[in-house]
Amino acid sequence: MRILAINPGMISTKIGVFIDEDLEWHATINHPFEELCQYPFIMDEYDYRKGKLIEALVQQGYQMDEFDVVVGRGGLVKPIESGVYELNEKVIEDTKHPRLHHACNLGSLLALSIAQEIPNCRAFTVDPGVVDELDDIARITGVPELPHQTIWHALNQREIAKRYCREHQLKYEEQDLIVCHMGSGISFAFHHHGRAVECSDALSGDGPFSPSRAGSLPSVQLIKLCYSGQYNEKEMLRKVNGHSGLTAHLNTNDVREVERRINDGDQHAKLVLDAMIYQTARHLASLAPVTNGHVDAIIITGAISNSQYVTDGLRARLSFLAPIFVYPGEDELTALAHNAYRAMIGQQEIKIYQ
């Protein structure tokens, strides 16, 4: 079974070709800033990205009719439970009108469009960022009109948590795990016996600040800033999601660059990065009451977990709570392909988006 996995990011599209569960070839298609600038909105990039994707496959020698399954990263549609979903017109329509704009919204569109052009090819998405398995108690906030919602790295978090369990001969459905994905955004979740019963809304201002996002902010001061006349709505949204975090303090979203500055003696850079580590540890520790303090392990993943400076800082602040395991990078292409394969051979339920 030949499977094509598609994972769009803000400035790149990652693709992988799998034979059953084995990776045969993968590539990262970079999208230069000057090329993306011609598209006012992310959804306008659809034809451009599809053309680049097909071009890369053809250059590698693939014929498009070779694929049996195309699986794409899911978009920010309505909240759904975790699992594998067969793409249909309903999910596509909702993806075209997402809760928030992000490149992940292109994943399902690309997957279904390509599959529809191939005879007998099926199209899926897996664990989109809107997976919602929260306990009811976790939804309550102090403002009834603003219940707690989730947007998080569900796909990678669940894949890494399951990998940890396989490596340690454990059952994911029996573990209490705190998992944190650290990339351009930072998301965290408490995985209690196979369900993420508490997690962050990483795109809407929840949790620690990150390389390009503001995280939790003092609401009164934020409201005053919104009404100060200095910014319009669009500018404020960009200020807290894209032009904030490390970017606002240090004019870079690259942790490697921040570490270089620290090594050169930049004390302000050290203070800001240490603050991001501190905030991350504080938010992760705040998950412990979910199970009255029972935590089997803390798992750190995502691109920033390649930084020993960051992971050492987290270990220093969190080792009292549970053993810490680091899985650098992300494994989203593998997660997409493996889940699609297991669904195709009947080992996993194929759900219908409604």
query: Taking segment 105-127 on its own, how many of its residues are more than 19 Å from G83 (Cβ to Cβ) and among the hydroxyl-bearing types (S, T, Y)?
result: 1
- line: Selection from segment 32-51 of residues surrounded by 12 or more Cβ atoms within 10 Å (Cβ to Cβ), modelled with pLDDT of 95 or more and not hydroxyl-bearing (S, T, Y) yields E45, R49, K50
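Yes/no matrix, rows are residues, columns are (1) open to solvent by 40 Å² or more (accessible area, probe 1.4 Å); (2) among the charged types (D, E, K, R); (3) in a loop (DSSP other than H, G, I, E, B):
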site	(1), (2), (3)
G265	yes, no, yes
H268	yes, no, no
A340	no, no, no
Q347	yes, no, yes
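Could you tell me which of the residues L155, L100 is under 19 Å from P8 (Cα atoms) and either of a type in the set (F, W, Y) or touching a helix residue (DSSP H, G or I) at 6+ places or on another chain (Cβ under 7 Å) (or both)?
Working: L100 fails: either of a type in the set (F, W, Y) or touching a helix residue (DSSP H, G or I) at 6+ places or on another chain (Cβ under 7 Å) (or both).
Only one candidate qualifies: L155.
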- line: Pairs returned, first residue in segment 274-293 that is under 18 Å from D176 (Cα atoms), second residue that is of a type outside the set (V, I, T) and assigned to a helix (DSSP H, G or I), beta-carbon separation under 6 angstrom, 6 or more apart or interchain, are A281/L314; A281/R317; A281/L318
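Could you say which residue among E117, E133 is touching an Asp or Glu at 6+ places or on another chain (Cβ under 7 Å) and modelled with pLDDT of 95 or more? Don't jump to the end; show me each part of the working.
Working: E117 fails: touching an Asp or Glu at 6+ places or on another chain (Cβ under 7 Å).
Testing whether each residue is touching an Asp or Glu at 6+ places or on another chain (Cβ under 7 Å) and modelled with pLDDT of 95 or more leaves just E133.
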- request: Only residues that are of a type in the set (V, I, T) and more than 18 Å from Q63 (Cβ to Cβ): list them for segment 110-130, please.
  value: T125, V126, V130
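Go through segment 280-296 residue by residue and tally those that are assigned to a loop (DSSP other than H, G, I, E, B) and not hydrophobic (A, V, I, L, M, F, W, C). Explain how you work it out, then say what you get.
The initial filter retains those residues of segment 280-296 that are assigned to a loop (DSSP other than H, G, I, E, B), namely 286-287, 292-296.
Checking which are not hydrophobic (A, V, I, L, M, F, W, C) leaves us with 286, 292-294, 296.
Result for segment 280-296: 5.
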Members of segment 270-280 found to be open to solvent by less than 90 Å² (accessible area, probe 1.4 Å) and under 24 Å from D201 (Cα atoms), listed by number: V272, L273, D274, A275, M276, I277, Q279, T280
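Looking at this structure, is A285 open to solvent by 20 Å² or more (accessible area, probe 1.4 Å), within 22 Å of the chain's Cα centre (by Cα) and modelled with pLDDT of 95 or more?
Numbers: open to solvent by 20 Å² or more (accessible area, probe 1.4 Å): yes; within 22 Å of the chain's Cα centre (by Cα): yes; modelled with pLDDT of 95 or more: yes.
Criteria met by A285.
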statement: By residue number, the members of segment 65-100 that are open to solvent by 40 Å² or more (accessible area, probe 1.4 Å) and more than 24 Å from the chain's Cα centre (by Cα) are D65, E66, D68
- request: May I ask you to list the residues in segment 253-282 that are more than 21 Å from the chain's Cα centre (by Cα), among the polar types (S, T, N, Q) and closer than 27 Å to H191 by Cα?
  value: none
Complete set of residues in segment 106-118 that are touching a residue at least 60 places away in the same chain (Cβ under 8 Å), in contact with a helix residue (DSSP H, G or I) (Cβ under 7 Å, 6 or more places away or on another chain) and under 18 Å from A335 (Cβ atoms): L106, L110
query: Can you name the number of the only condition in (1) over 21 Å from G83 (Cα atoms); (2) of a type in the set (A, V, I, L, M, F, W, C); (3) within 20 Å of the chain's Cα centre (by Cα) that V130 fails?
result: (1)
message: Looking at I11, I54, I29, I6, can you tell me which residue is of a type in the set (A, V, I, L, M), within 27 Å of S184 (Cβ to Cβ) and modelled with pLDDT under 95?
response: I11
query: If you scan segment 1-17, which residues turn out to be among the small types (G, A, S) and open to solvent by less than 10 Å² (accessible area, probe 1.4 Å)?
result: A5, G16
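The values are calculated or read from the model by the stated rules, or taken from the named source; none is laboratory data. These figures come from a predicted structure and were not determined experimentally. Glycine also receives a Cβ, built like all others from the backbone with ideal geometry; neighbour counts cover every protein chain displayed. For accessibility, only protein heavy atoms count, side chains too; no ligands or nucleic acids. Shrake-Rupley method; radii C 1.70, N 1.55, O 1.52, S 1.80 Å.
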